[in-house]
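See structure below.
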Number of protein chains: 2
Amino acid sequence: MAEDAKYKLYYWDGIQGRGEFVRLAFEDAGVDYIDVAREEGEGMGPEAVMAALQNKKTSFIPFAPPFLTYGDVTISHVANILYFIGPDLRLAPEDEDLRIFVNGLQLTLTDFIAEIHDLHHPISGSLYYEDQKTEAKRRARYFIDERLPKFLGYFERVLTQNRDGNMQLVGKRVTYVDLSMFQLIEGLRYALPNAMRRVEDDVPLLLALHHTISQRPNIKAYLGSKRRLGFTGSGIFRHYPELDISA
Amino acid sequence: MAEDAKYKLYYWDGIQGRGEFVRLAFEDAGVDYIDVAREEGEGMGPEAVMAALQNKKTSFIPFAPPFLTYGDVTISHVANILYFIGPDLRLAPEDEDLRIFVNGLQLTLTDFIAEIHDLHHPISGSLYYEDQKTEAKRRARYFIDERLPKFLGYFERVLTQNRDGNMQLVGKRVTYVDLSMFQLIEGLRYALPNAMRRVEDDVPLLLALHHTISQRPNIKAYLGSKRRLGFTGSGIFRHYPELDISA
């Protein structure tokens, strides 16, 4: 992206991960950003992400990627980053009350994503999946039977009850939380295709939202570009057939 | 609290839980709030929390307690609530950049708290602890050895590197994230006393912060009042000796 971009995103290279929720917002808005770990040159590359985390001088140290810098400001956590950049990207409601509600939805997504991650890491992030597979299989059963329909059903209700229209979660226009919802459904379909097929009939508005977002010109172009990384065996969304249900 | 309070907090009665991070902010600020589930009368009590969650008319439905209402606005998630009420309670920095950094710290605390909860519920929130005790014991070992020192060490660094002073996490004055940090240390000392003794020598500034907050007049009064619920067997912080390490 442009070298004079104001926004620098610090995240790992090679995976979509949590950074992808931020990338999608920039891409949809067509706003330049620097994906620091994936660029070369001074102050770029994965080393720059590590250096920022280990900085001993600034007051503003993040706990973990993704984080964003914008001038002197350092913003950590996906929801916080999206809240911060939303207005500039024209992906946040202008009404402050709605903006706070969007933030609440994004934080519900954050919780959901953490549960999805822990599907394959129920014991520890420092152990290989293979070393916690027994526990993962047990956890996945409860996740698929209880949590997956509960979370998706909640977002379907939010779409149903949005008095300004059922094509977006909040207000009259697409906001960043709609983009994150698109990514969540993409990821779930990749990770748990059979479990998703079982619940999709119950969430028609969510599927329509997913489709609408996929057709937005900038999103479509991004998904077809080399900038969009594929799902891998080391992101949030992982496809282990033994964690899914039977077809 | 006063019947004309503008803020209504919706959370479960009987436990501190995630609601306590919000209660502490109101109590410290001396700002009236209604703790809906714990009051009697029309629109009060635990039924009112359930009714708000099941509301079929409003666009603004929360996923889970705690949530707050303020006039027509509904705000869900602890970090979002604290971000919203912080300025009115004079518990947020006036500088917008610092306010965003406080929000990032609060979200790091949110992640930490979710990991602490999953110590006793690594498989499913719908199973009893006894039915996931084997997995809990395995998870606790990694939590105590890796995650506990990592999170506490991070916050200690934030205190150390705060250029405006080491008595609060951000800027020159106490903010709501300092109050949340107090509660976190209270909870960890209750849940994992031996593990905490092992790490406390490494986080002197955090312990000093904990002490300072405990001595604030409104906090001290609150902790000694009947409004402050005790730790129980059903909150986030639970004391199961088999999850702690030996003395």
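The values are calculated or read from the model by the stated rules, or taken from the named source; none is laboratory data. No experiment lies behind these values; they were computed from the predicted model shown. Cβ: placed from backbone, ideal geometry, glycine included. Neighbour counts: every protein chain shown. Protein only, heavy atoms only, side chains kept; ligands, DNA and RNA dropped before computing areas. Shrake-Rupley method; radii C 1.70, N 1.55, O 1.52, S 1.80 Å.
What to note about this one:
- Square roots of five times the Cα gyration tensor eigenvalues for chain B, Å: 28, 24, 16
- Largest first, the residues A:Tyr128, B:Tyr240 sort by 1.4 Å accessible area into A:Tyr128, B:Tyr240.
- Sequence-distant aspartates and glutamates (8 or more away, or on other chains) whose Cα lies within less than 19 Å of A:Lys226: A:Glu3, A:Asp13, A:Glu20, A:Glu27, A:Asp28, A:Asp32, A:Asp35, A:Glu39, A:Glu40, A:Glu186
- Candidates A:Leu206, A:Leu148, A:Leu169, ranked by Gaussian network fluctuation over chain A, Cα under 10 Å, top entry: A:Leu148
- When the other protein chains are added to the chain by itself, burial of at least 10 square angstrom of heavy-atom accessible area (probe 1.4 Å, ligands and nucleic acids ignored) affects these residues of region B:112-137: B:Asp118, B:Pro122, B:Ile123, B:Ser124, B:Ser126, B:Leu127, B:Asp131, B:Glu135.
- When you restrict to C-alpha pairs under 8 Å that are six or more residues apart and normalise by the size of chain B, the relative contact order lands at 21 percent.
- When B:Glu135, A:Glu40 are compared by accessible area at a 1.4 angstrom probe, the order from most to least is A:Glu40, B:Glu135.
- Pseudo-label separations to other copies for A:Gly153 - Cα-to-Cβ vector, 7 Å, nm: 4.3
- Residues B:His211 and B:Asp13, FRET efficiency given R0 of 22 Å [Cβ-Cβ distance, rounded to 0.05]: 0.15
- Surface composition of chain A: carbon and sulfur atoms hold 49% of the protein heavy-atom accessible area at a 1.4 Å probe.
- Note on region A:37-90 and region A:147-219: Cα centroid distance 28 Å, given to the nearest whole angstrom.
- For B:Asp202, inter-copy label distances in nm, listed shortest first [label point 7 Å out on the Cα-Cβ vector]: 4.3
- Here chain B carries DSSP beta bridges of which approximately 75% are antiparallel, counting only pairs with both residues inside.
- Computed about the Cα centre, the dipole magnitude for region B:116-193 is approximately 240 debye when only Lys and Arg (+1) and Asp and Glu (-1) carry charge, each at its Cβ.
- Region A:104-247: relative contact order in percent, alpha carbon pairs under 8 Å with at least 6 residues between: 26
- Alpha-carbon Rg with Dmax, taken over region A:1-103, Å: 13.6, 42
- Calculated accessible area for the protein assembly as shown comes out at 42 Å² per residue, all protein chains present (probe 1.4 Å; ligands, DNA, RNA ignored).
- Per-residue SASA entry for B:Glu186, accessible area with 1.4 Å probe, Å² rounded to 10: 50
- Where B:Tyr7, A:Tyr142 fall by accessible area, highest first, once all protein chains stay in place (1.4 Å): A:Tyr142, B:Tyr7
- Prolate/oblate/rounded label for region B:178-247 (Cα gyration tensor, a/c 1.5): oblate
- For region B:68-171: span of alpha carbons on each principal axis (Å, largest first): 47, 40, 16
- With label points set 7 Å from Cα along Cα→Cβ, the inter-copy distances at A:Ala221 are 6.0 nm, sorted shortest first.
- 29 Å Cα-Cα reach of B:Lys172 towards lysines, excluding residues that sit fewer than 8 places from it in its own chain: A:Lys6, A:Lys8, A:Lys56, A:Lys57, B:Lys6, B:Lys150, B:Lys220
- The simple spin-label model puts a point 7 Å past each Cα toward its Cβ; for A:Lys56 and B:Val73 those points are separated by 4.2 nm.
- Most fluctuating residue given options A:Ile100, A:Ile144, A:Ile213, as computed from a GNM of chain A linking Cα atoms under 10 Å: A:Ile100
- Ellipsoid semi-axes for region A:28-80, based on the Cα gyration tensor and the rule √(5λ), read 18, 16, 10 Å when sorted largest first.
- Solvent-accessible area buried by B and A, counting both chains, probe 1.4 angstrom, square angstrom: 4600
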